[in-house]
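Please read the structure below before turning to the comments.
The values are calculated or read from the model by the stated rules, or taken from the named source; none is laboratory data. Everything quoted here is computed from the prediction, not taken from an experiment. Backbone-built Cβ (ideal geometry, glycine too); neighbour counts: all protein chains shown.
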Amino acid sequence: MTRPSTVATLRRIGLGGITGSPVAFAVVLVLMALLLAVPFAHNGYVETTFRYILMYATMAYGWNMIGGYTGYVSFGQVAFFGIGAYCSAVLSTMKIDNLFADVALACVVAAAFAILIGLAVLQLKGHYFAIATLGVGLAVTDIVSNLDALGGTGGMNISQVDEAHFSVYYYAMWLVALGAILATYFIARSKLGYAFVAIRENEEAAAVLGINPRRYKIAAWAISATMAGAAGAVFAAANGHLEPSIAFSPDSNIFPIVMALLGGIGTVAGPFIGAVILAGVNELLQRYFVNVHTLFFGAVIVLVVLLLPRGLVWLFGLRGGARAWLKSLTVNKA
Amino acid sequence: MSAPAATEVALRIENIGMRFGGLWALSEVSFEVQRGSVVGLIGPNGSGKTTLMNVISGVYKPTTGEVTYAGKRIADVPTHEVCHLGIARTFQVVKPFASLTVRENVAVGAMYGRSGGKRSTRASFERAQELLEIVGLSRVADRPASDLTIPDRKRLEVAKALALDPDVLLLDEVMAGLNATEVDEALELLRDVNRRGVTLIVVEHLMKAIVSISTTIVVLAEGKKIAQGAPVAVLASPQVIEAYLGSRWVKRQEALKQIEAEREHAARVQPPDARP
């Protein structure tokens with residue numbers, strides 16, 4: 001068996017272990033490089049579609065940090081996305097129209113909000129945490145809807161660059177997505193990543209090994225909020241208009257979770273692969289079956305949980321083909 | 001680590017009582033653990049050994065009394081800080097991180113234990129590899145922890161605890177389920193750990209193992225300390241025998257002794273040469 005040396009080699013370049021399949025990660029980097037070419041198609045529709053894919057991918061990475069690596073399933077990530085989006089809108093009213101400023105402010109505010117909320121919410125576990133985060137998402141939506149300073153339900157307008165330079169939003173989203181991918185990669189191979197996974201596997205045992213669960217859970221949530229907030233900031237700037245129903249839409253809450261599940265939670269490649277496949281297919285369905293495309297999402301959730309509980313990325317590392325896959329299903333059921 | 005003076009008290013256990021509902025699982029348990037010693041903690045099933053381990057390691061806050069280590073009350077220290085004081089433990093019901101590899105499991109301890117702050121990720125993995133070789137798990141280092149057999153999981157628990165660089169190591173039945181050769185190996189390992197200056201508190205059912213390794217034995221029965229001292233003396237004490245084998249056994253032994261004495265007496269009165 002050459003396995004130990006293979007593992008050692010992979011570890012030297014920082015893959016294997018909790019970073020997941022190196023092949024899948026290579027696929028992600030290649031796809032990201034290809035996506036740089038999208039604006040050269042000079043097709044507004046295509047560019048927008050791929051900008052959304054990158055946006056959802058970033059949010060899926062955000063969800064993956066708390067839900068995938070740390071094992072705390074959050075249904076409130078849209079709150080951070082919306083907060084990030086409103087950061088852009090507020091800066092625009094102050095005549096600051098700079099994407100770097102938008103993203104920077106969004107990251108800081110979203111992370112600060114996550115830390116504040118996390119101090120309370122992360123005392124909860126399992127279903128209770130999930131329900132509480134759902135509540136946080138709804139509460140933030142209602143609060144923003146009732147704040148006149150943020151335009152209430154009518155929303156706010158954000159000044160945009162002229163049409164000729166519109167691709168700047170695409171590249172900004174690409175950079176944000178790349179940031180999320182690389183951050184996940186470097187965190188997953190660091191001490192921090194192991195603290196998150198240890199908490200996911202057994203919080204009590206993690207504490208016995210010297211990990212302060214509360215501190216690291218809050219850190220994971222703040223990082224996940226940063227990613228969602230950054231995506232929100234670029235989204236708002238590109239959208240030009242923002243109102244609560246757009247900033248806090250249920251789609252922005254659920255899509256990233258399903259994408260992370262499909263690709264493989266707790267891996268570096270999973271969220272991106274899940275986002276590309278799901279957003280792509282969803283876009284096609286939306287064009288041809290406008291009324292039933294949401295049904296498709298329900299079906300995907302059910303099928304993924306039943307047939308591919310560890311996500312697509314896991315298949316990259318699977319040896320033994322279909323038989324091994326079927327065997328794993330029966331093992332999981334037992 | 002140099003061997004410290006034998007008289008130094010590492011751990012002070014004072015008047016510990018632990019109540020669960022209406023049941024006192026421990027009451028008025030006091031003893032001191034000398035630095036560098038090996039304390040064997042024994043007692044029948046349900047006598048409170050694991051509860052005491054949980055109190056010493058800060059998992060339970062005692063109802064009465066206190067455990068102090070290096071002048072600090074353990075009850076005041078959060079669970080994740082206990083190992084930073086220098087106290088590590090294994091769990092009787094093992095708790096591996098199932099989806100991580102065996103090496104990663106140990107490396108997490110090396111990353112966040114007492115010396116973890118000074119260790120890089122790479123150094124933590126190197127330390128984990130050393131420990132896996134010491135406990136005999138290097139052959140399965142890259143397998144997920146969920147694949148391990150029970151004896152290997154026990155070894156993993158020991159490796160994880162050692163990765164915390166403890167001064168005091170609490171071992172809760174790490175030899176259960178091991179065969180005779182493996183027990184000898186485990187004892188050799190523990191002696192080696194102790195020689196490096198680590199104080200050990202060992203809970204074990206295997207009498208032979210505990211007698212051979214302990215410098216002091218503390219016996220618990222029904223939540224109370226009934227004996228303490230050198231292994232051989234403690235095991236000969238009638239109270240300990242009674243706790244393990246029951247009062248009827250002790251009575252029978254006394255009765256047997258009496259019969260024996262009467263026979264001897266009779267033999268003296270009626271010399272053997274009277275027989276044909």
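Scan the range B:58-71 and tell me whether some residue there is facing chain A (nearest Cβ under 10 Å) and free of Cβ contacts under 8 Å to residues at least 40 places away in the same chain.
Checked against the condition, which is being facing chain A (nearest Cβ under 10 Å) and free of Cβ contacts under 8 Å to residues at least 40 places away in the same chain, the range B:58-71 yields at least one hit.
Out of (1) surrounded by fewer than 23 Cβ atoms within 10 Å (Cβ to Cβ); (2) in the same structural domain as B:E130 (by TED's automatic domain parsing), what's the single condition that is false for B:G109?
(1)
Between B:L220, B:L235, which is at pLDDT 80 or above, surrounded by 11 or more Cβ atoms within 10 Å (Cβ to Cβ) and assigned to a strand (DSSP E or B)?
On the way: B:L235 fails: assigned to a strand (DSSP E or B).
Within the list B:L220, B:L235, the selection yields B:L220.
I need the full set of residues from the range A:153-167 which are in contact (Cβ under 8 Å) with a residue 60 or more places away in the chain and in a helix (DSSP H, G or I), in order please.
A:T153, A:G154, A:S167
Given the structure, is B:E260 out of contact with any helix residue (DSSP H, G or I) (no Cβ under 8 Å at 6 or more places or on another chain) and either in the same structural domain as B:Q34 (by TED's automatic domain parsing) or at pLDDT 85 or above (or both)?
Numbers: out of contact with any helix residue (DSSP H, G or I) (no Cβ under 8 Å at 6 or more places or on another chain): yes; either in the same structural domain as B:Q34 (by TED's automatic domain parsing) or at pLDDT 85 or above (or both): yes.
Yes; evaluated as a whole, the condition is true for this residue.
For the range B:105-136, name all the residues that are within 7 Å of chain A (Cβ to nearest Cβ) and either farther than 23 Å from B:E81 by Cβ or more than 27 Å from the chain's Cα centre (by Cα) (or both).
B:T121
Whether any residue in the range B:55-63 is touching a Pro at 6+ places or on another chain (Cβ under 8 Å) and modelled with pLDDT of 90 or more is what I want to check.
Yes, the range B:55-63 contains a residue that is touching a Pro at 6+ places or on another chain (Cβ under 8 Å) and modelled with pLDDT of 90 or more.
Does the range B:144-155 include one or more residues that are within 13 Å of another protein chain (Cβ to nearest Cβ) and more than 28 Å from B:T51 (Cα to Cα)?
The answer is yes; a qualifying residue exists.
Of all residues in the range A:185-206 being crowded, with 24+ Cβ neighbours inside 10 Å and in contact with a Pro (Cβ under 8 Å, 6 or more places away or on another chain), which is nearest to the other protein chains (Cβ to nearest Cβ)?
Filtering the range A:185-206 for residues that are crowded, with 24+ Cβ neighbours inside 10 Å and in contact with a Pro (Cβ under 8 Å, 6 or more places away or on another chain), the one nearest to the other protein chains (Cβ to nearest Cβ) comes out as A:A206.
Could you go through the range A:168-183 and let me know if any residue there is more than 21 Å from the chain's Cα centre (by Cα), away from chain B (no Cβ under 14 Å) and surrounded by fewer than 22 Cβ atoms within 10 Å (Cβ to Cβ).
There is at least one residue in the range A:168-183 that is more than 21 Å from the chain's Cα centre (by Cα), away from chain B (no Cβ under 14 Å) and surrounded by fewer than 22 Cβ atoms within 10 Å (Cβ to Cβ).
Can you spot a residue in the range B:76-97 that is surrounded by 22 or more Cβ atoms within 10 Å (Cβ to Cβ), more than 21 Å from the chain's Cα centre (by Cα) and either within 8 Å of chain A (Cβ to nearest Cβ) or closer than 30 Å to B:L235 by Cα (or both)?
yes
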